[in-house]
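The values are calculated or read from the model by the stated rules, or taken from the named source; none is laboratory data. Just so you know, these numbers come straight off a predicted model, no measurement behind them. Cβ placement follows ideal geometry from the backbone for every residue including glycine, while neighbour counts extend to all protein chains displayed. For the accessible areas, the whole protein counts, side chains as well, though only heavy atoms, and no ligand, DNA or RNA atoms are used. Shrake-Rupley method; radii C 1.70, N 1.55, O 1.52, S 1.80 Å.
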Amino acid sequence: MTSHTNPIIVNEMRTRMRGCRAYVLLTLYLALISCITATMYVTIYDTSTGLYGDYDITTANVRDAPDIGKAIFISTTILLLFLITHIAPAFTAASISGEREKQTYDILITTPLLARRIVWGKLGAVFLFLFLLILTSLPVQSLAFLFGGVAFTELIIATLVLAMSALAFGSVGLYISSLNRTTMVSILFTYSVILPFVYGLPFIVFWLGTFTLPVVALIGSVYSELASMIIGIVMAYLAGFLLSLNPFSSGLLTIIAATNGNGYFFFTEQVFYNISIPMVSPWIIYVFFCVFIVIVMAQLTIRQLNQISNF
Amino acid sequence: MSIIQIKNLSKNFGRRTAVNDISFDIEAGSLFGFIGPNGAGKTTTIRVLTTLLKPSAGQVLVDGHSVVKQPREVRKVMGYMPDFFGVYNDMTVWEYLDFFCGCYEIEFNQRKSLISDLLELVDLSKRHDDYVDSLSRGMKQRLSLARSLVHDPKVLVLDEPASGLDPRARVEFRELLVELRRLNKTIFFSSHILSDIAEICNQVGIVEQGNLISVGHIDTLKRQLRETHHIRLRVMGDTVERAKSILATSQGVGEVEADPASDGDWDIIAEFSGDKPAVTTLLKQLVLADVPILSFAAETDSLEDVFMKLTEGGIL
Ligand SMILES: Nc1ncnc2c1ncn2[C@@H]1O[C@H](COP(=O)(O)OP(=O)(O)OP(=O)(O)O)[C@@H](O)[C@H]1O
Ligand SMILES: [Mg+2]
């Protein structure tokens, strides 16, 4: 440690990791993830061998191993993604309002510590804690490798998506926290932004998607084939883009694209019977979107902290 | 040189004026006492001074830096102890100080000795490894003072620092402030308690309802106080009107009141401002006018009396 180590991170780590709270949380998490993994294993094993088939787990059908590996990998990743997108914003939403509530904010803000370092410290501390979750689940995830069916690239992509989700969702909570006096309000406000985004966005896109075909057909009959094609392609790109912004739909589409043998970076999507358009893999758009969110939210928070209050 | 300059500072909260066009300077090395009743605007002034609150009008400079335009420069030279504050949970005393050492970018290898020196100064050495939230209120206050000294600031701003302390700690605290002043720090502190201020400060400011009533050196203020008297005299019954008319026309005499006392005598109380020769002149005048004086006394108001008068009897 040097004088330039971010004191906020040191502080948060000291207080957050103290006592048994953090360990209890981690243990519960590991228990949960192990349960899910075991369930996946047994379920897939059962369905592949048949209920009355061979129950000897050690001689599991080698052909089914990749399926088991994939299922374990995907389910643990989704669980992590769920935890991260729901926990990170709550943690950070408490961070600045919490200082105000505990009346430690004035003292902190009258030190020459730069707002930039407060913001990265608060975000960094939450990120490190969540990264610990990601790390502790690696042993379970590595089971997936044992079974095969999961590429190393997939693990890297999943980890990147998880890490960026932690930062992006955390930064939203942090900004909202800097606006409010009480933690309660910050958390409610944050969830009322996060939840519609996580659960609402995919449904809205799918719902709007159901209008696409009739609209395209209508344009085709009223104007020209070309116009309807252009509209169709634009709609496809728009839907793809919007679905890529949501971590769950983005992940799902990435998996679908990959299992269709389309690769992890680019793929082509058939829009009309004779036209395929090239698309960037959703996770890439998602990661860039996260970077964008983090930068914007961090800047807004810094500005908020630098403002001298009127009250 | 003035290390704190407050020029025409005003602060409104909506329609309420908390601070109304206050101006004064504080010289480097001063121990400045800021006194006034509840709601006078002390905390508001201090929050502007400590870069926490935007003034509605006016300018405040600390060590030549504007609190609005260069808050970070101000923060570097200032230590601040708020009137109410909290501490972090799950944190020990030394970790608390270490955290602020980090905020002020104090080298890691200097922290250990600095922290033990500061704890020594505020008499908390034995609590080094205790949790901060387990300390008593007065101890937290002392810890907060230690915290505000972490970066050896030129200016210390303390908002009612003695409010949670027991009488003994209060005395020790005053000694500590005097000691810190000797180390060439400028100290700005607020209080309700006049004796806290009168005994140790060299400069005082008195505020009431957002207005600065009086500011200056304590000696000047004390001299002003010493020159304010009440004249109390007792005269025989039939001469009361004559005495009153003489008093009313004499220089330095304010309001005159007469109340009947026992045996048909009258007590007269006259507000009077003037030095000692003026008192003797007044007495001579009464005697020469053949007023039968039974007793005569010139009384100096106590500090508290003056303060009550200045602040129009606001709650202290
Ligand atoms: N944030 C605020 N919003 C609205 N009014 C405020 C605010 N802060 C202070 N005031 C008002 O400004 C006036 C001055 O308050 P201030 O806290 O400065 O007084 P004070 O001298 O510190 O009093 P005390 O001795 O009780 O601490 C009060 O009338 C108060 O109600
Ligand atoms: Mg106050």
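All of (1) more than 30 Å from B:Phe84 (Cβ to Cβ); (2) at pLDDT below 85 hold for A:Leu28 with one exception: (2). Those helices (runs of 4 or more DSSP H) of the stretch A:126-234 in which at least 2 residues are modelled with pLDDT under 90, considering only elements entirely within it, cover A:138-147, A:152-179, A:201-222. Restrict the check to the stretch B:260-278 and report whether at least one residue is surrounded by 13 or more Cβ atoms within 10 Å (Cβ to Cβ) and in a helix (DSSP H, G or I). Yes, that holds for at least one residue.
Among the listed residues B:Pro167, B:Pro153, B:Pro161, B:Pro82, identify the single one that is facing chain A (nearest Cβ under 9 Å) and closer than 30 Å to B:Asn38 by Cα. Exactly one residue qualifies, and that residue is B:Pro82. Tell me yes or no: at least one residue of the stretch B:259-268 is under 32 Å from the mean Cα position of the chain (by Cα), at pLDDT 85 or above and β-branched (Val, Ile, Thr). Within the stretch B:259-268 (the criterion being under 32 Å from the mean Cα position of the chain (by Cα), at pLDDT 85 or above and β-branched (Val, Ile, Thr)), the answer is no, since none of the residues qualifies. Residue count for the stretch A:72-112 satisfying the condition of being among the hydroxyl-bearing types (Ser, Thr, Tyr) and away from chain B (no Cβ under 14 Å): 5.
Summed over the stretch A:3-20, the residues that are at the interface with chain B (Cβ under 9 Å from one of its Cβ atoms) and exposed (fewer than 12 other Cβ atoms within 10 Å of the Cβ) give a count of 2. The set of residues from the stretch B:21-33 being away from ligand 2 (no atom under 16 Å from the Cβ) and either surrounded by fewer than 17 Cβ atoms within 10 Å (Cβ to Cβ) or not in a loop (DSSP other than H, G, I, E, B) (or both) comprises B:Asp21, B:Ser23, B:Phe24, B:Asp25, B:Ile26, B:Glu27, B:Ala28, B:Gly29, B:Leu31. B:Gly36 passes every criterion in (1) in contact (Cβ under 8 Å) with a residue 60 or more places away in the chain; (2) away from ligand 2 (no atom under 14 Å from the Cβ) apart from (2).
Just so you know, in the stretch B:155-175 the residues that are touching a helix residue (DSSP H, G or I) at 6+ places or on another chain (Cβ under 7 Å) and not small (Gly, Ala, Ser) include one that is nearest to ligand 2 (Cβ to nearest atom), and it is B:Asp159.
Scanning the stretch B:4-20 for residues that are open to solvent by 10 Å² or more (accessible area, probe 1.4 Å) and touching a Lys or Arg at 6+ places or on another chain (Cβ under 9 Å) yields B:Thr17, B:Ala18, B:Asn20. Looking across the stretch B:45-74 at every residue that is open to solvent by 20 Å² or more (accessible area, probe 1.4 Å) and assigned to a helix (DSSP H, G or I), the one that is nearest to ligand 1 (Cβ to nearest atom) is identified as B:Arg47. Annotation: B:Lys11 fulfils all but one of (1) within 16 Å of ligand 2 (Cβ to nearest atom); (2) at pLDDT below 95; (3) not hydroxyl-bearing (Ser, Thr, Tyr); the unmet one is (2).
Taking B:His217 as the residue in question, decide whether it is more than 16 Å from ligand 2 (Cβ to nearest atom) and surrounded by fewer than 19 Cβ atoms within 10 Å (Cβ to Cβ). Yes; evaluated as a whole, the condition is true for this residue. In this entry, A:Met297 is excluded by the filter for residues that are surrounded by fewer than 19 Cβ atoms within 10 Å (Cβ to Cβ) and farther than 30 Å from B:Arg15 by Cα.
Quick check on the stretch B:198-210. Is at least one of its residues surrounded by fewer than 19 Cβ atoms within 10 Å (Cβ to Cβ) and within 16 Å of ligand 2 (Cβ to nearest atom)? Yes, because at least one residue in the stretch B:198-210 is surrounded by fewer than 19 Cβ atoms within 10 Å (Cβ to Cβ) and within 16 Å of ligand 2 (Cβ to nearest atom).
The C-beta contact set for the stretch B:14-25 (first residue farther than 24 Å from B:Ser2 by Cβ, second residue open to solvent by less than 50 Å² (accessible area, probe 1.4 Å) and within 16 Å of ligand 2 (Cβ to nearest atom), distance under 8 angstrom, 6+ apart or interchain) comprises B:Thr17/B:Lys11; B:Thr17/B:Gly210. Count of the stretch B:98-113 residues, restricted to those that are at the interface with chain A (Cβ under 7 Å from one of its Cβ atoms), surrounded by 21 or more Cβ atoms within 10 Å (Cβ to Cβ) and within 32 Å of the chain's Cα centre (by Cα), is 3.
Counting only residues that are small (Gly, Ala, Ser) and over 23 Å from the mean Cα position of the chain (by Cα), which one in the stretch B:52-78 is nearest to the other protein chains (Cβ to nearest Cβ)? Taking the candidates together, the pick is B:Ser56.
Can you name the residue in the stretch A:140-195 that is of a type in the set (Phe, Trp, Tyr) and closer than 19 Å to A:Phe292 by Cα and is also least open to solvent (accessible area, probe 1.4 Å) among such residues? Ranking the qualifying residues of the stretch A:140-195, first place goes to A:Phe169.
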